[in-house]
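What follows is one structure encoded as structure tokens, with my remarks underneath.
The values are calculated or read from the model by the stated rules, or taken from the named source; none is laboratory data. Please read these numbers as outputs of a predicted model, since none were measured by experiment. Note that we place each Cβ from the backbone using ideal geometry, even for glycine, and neighbour counts take in every protein chain shown.
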Amino acid sequence: MTAYLYYAGMAGDRTTEQIGLATSDNGRDFRRVNRDGLILPIDAAVRWRSVRTCNPTVLKVGAEWWMFYQGVGPDASGAQLTHVIALARSSDAVTWSVEPRPVLTFAHVRAQCPGMSDGADGGVIEPAVIADGKELHMYFVAYRGHYSQGTVLYHARSADGEQWQIDPSWVLARHQFGNFRLHYPQARHEADRKVIWFSLIERATAASAIVQMTAIGNDPWGETRQLLPFHGPGLRVEPAELIGLRFGGQRVRGSDRVNQALAQWTHGGRHYLGYSHPHAIDGRLYYHAYHRSRQGHSWMDIGACRYADNNASEHDVVLRPSSAAGAWDAFFVADPFVINL
């Protein structure tokens, strides 16, 4: 069995972001395909994906592979960037054909969700799509103004992957958790429960943690636990208690506390400022990690650990930024999504 790791990489210009693919026979040692890994580049001629393609999620639909991803480009005025969700298709999960138009935009959210019908324009980002019978389910993040001002998690359904019916009420909102932004969902629907993983990023410091929530049957989302940074056995964190989220055994409310906690997150000479974009598969959790060295150098790479019974194994760094200075993914690699073939 071969693990396919879809990811986003950013170039040394710290602006251009594109989607790549790396494969592994053991789920730890990944090598880029086609020498440099790039599989879904930006297109300067297509405004809505002229700056970035990122946040891939991949699933098998019939005889095809479908990738839902985030496209980024300037708005009509050129004054700011807009974010949309788009679809690409493939017969082999390596070579992709891009649909000409986005499948979800903020205009769809505004039209279908009363809570987003007024106020500033916004965007839709970070799709997580799963197949449940004959229906597709998408969990995605929406925002008004700019995502730094607040994020909301929505759920939508589709029969064809192109037309989406959004539930008018949001699933989770960042204000439930205090001074955090909510990002990077992944979901799984099982026979008797639903599980969702997501990231909480503190707005003041950008420190990040991975959280898992579970809903049993038709009950609302209930049991909540922080997976990374690891909290210790038996932890049950309810949403109200996530205000002042605990990192490394300390409550983090400002940059001073983040700096104090960095020493507790060392691994192989790296200093973890947090973990984001969870993707759980076969008992292994993939994520991208934010780092800052004592010299002030910052970067992101993709890591993995095994987790069970609220415990996490040692971390493996499974993909690093390219060592070639001019590479398309030289600045960081992030947004992991893994399938096994």
(message) Suppose we filter region 1-25 for residues that are among the β-branched types (Val, Ile, Thr) and either buried (at least 23 other Cβ atoms within 10 Å of the Cβ) or in contact with a His (Cβ under 7 Å, 6 or more places away or on another chain) (or both); how many remain?
(response) 1
(message) For region 163-172, which positions are assigned to a strand (DSSP E or B) and polar (S, T, N, Q)?
(response) Gln165
(message) Criterion first (at pLDDT below 95 and either among the basic types (Lys, Arg) or touching a Lys or Arg at 6+ places or on another chain (Cβ under 6 Å) (or both)) does Ala120 satisfy it?
(response) yes
(message) Within region 33-49, take every residue that is of a type outside the set (A, V, I, L, M) and within 20 Å of the chain's Cα centre (by Cα) and give me the one that is surrounded by the fewest Cβ atoms within 10 Å (Cβ to Cβ).
(response) Pro41
(request) Search region 55-83 for residues that are closer than 16 Å to Tyr7 by Cα and pair each with any residue that is acidic (Asp, Glu) and part of a strand (DSSP E or B) when their beta-carbon atoms are under 8 Å apart and the residues are at least 6 apart or on different chains. (result) Asn55/Glu126; Asn55/Asp335; Pro56/Asp335; Gln70/Glu126; Val72/Glu17
(message) Anything in region 126-162 that is part of a strand (DSSP E or B), closer than 20 Å to Asn179 by Cβ and among the β-branched types (Val, Ile, Thr)? List them, or say none.
(response) Val141, Val152
(message) Among the residues of region 167-181, are any surrounded by 15 or more Cβ atoms within 10 Å (Cβ to Cβ), modelled with pLDDT of 95 or more and over 22 Å from Ser50 (Cα atoms)?
(response) no
(request) Among what's in region 147-159 and is in contact (Cβ under 8 Å) with a residue 12 or more places away in the chain and not hydroxyl-bearing (Ser, Thr, Tyr), pick the residue that is surrounded by the fewest Cβ atoms within 10 Å (Cβ to Cβ). (result) Ala159
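Residue-by-condition table, conditions (1) of a type in the set (A, V, I, L, M, F, W, C); (2) over 22 Å from Ile281 (Cα atoms):
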site	(1), (2)
Asp43	no, yes
Arg49	no, yes
Thr57	no, no
Ala76	yes, yes
Ala107	yes, yes
(message) Quick check on region 55-65: of everything there that is surrounded by fewer than 23 Cβ atoms within 10 Å (Cβ to Cβ) and within 22 Å of Phe198 (Cα to Cα), which residue is nearest to the chain's Cα centre (by Cα)?
(response) Val58
(request) Give region 132-149 a look and list any residue that's under 22 Å from Tyr6 (Cα atoms) and within 18 Å of the chain's Cα centre (by Cα), or say none. (result) His137, Met138, Tyr139, Phe140, Val141
(request) Tell me, yes or no, whether region 120-129 has at least one residue that is within 30 Å of Asp192 (Cβ to Cβ), touching a strand residue (DSSP E or B) at 6+ places or on another chain (Cβ under 8 Å), in contact (Cβ under 8 Å) with a residue 12 or more places away in the chain and surrounded by fewer than 14 Cβ atoms within 10 Å (Cβ to Cβ). (result) no
(message) Condition check: modelled with pLDDT under 95, in contact with a helix residue (DSSP H, G or I) (Cβ under 9 Å, 6 or more places away or on another chain) and closer than 30 Å to Asp121 by Cβ. Does Asp43 satisfy that?
(response) no
(message) Take the residues in region 301-328 that are assigned to a loop (DSSP other than H, G, I, E, B) and farther than 22 Å from Asp36 by Cβ; name whichever of them is modelled with the highest pLDDT.
(response) His315
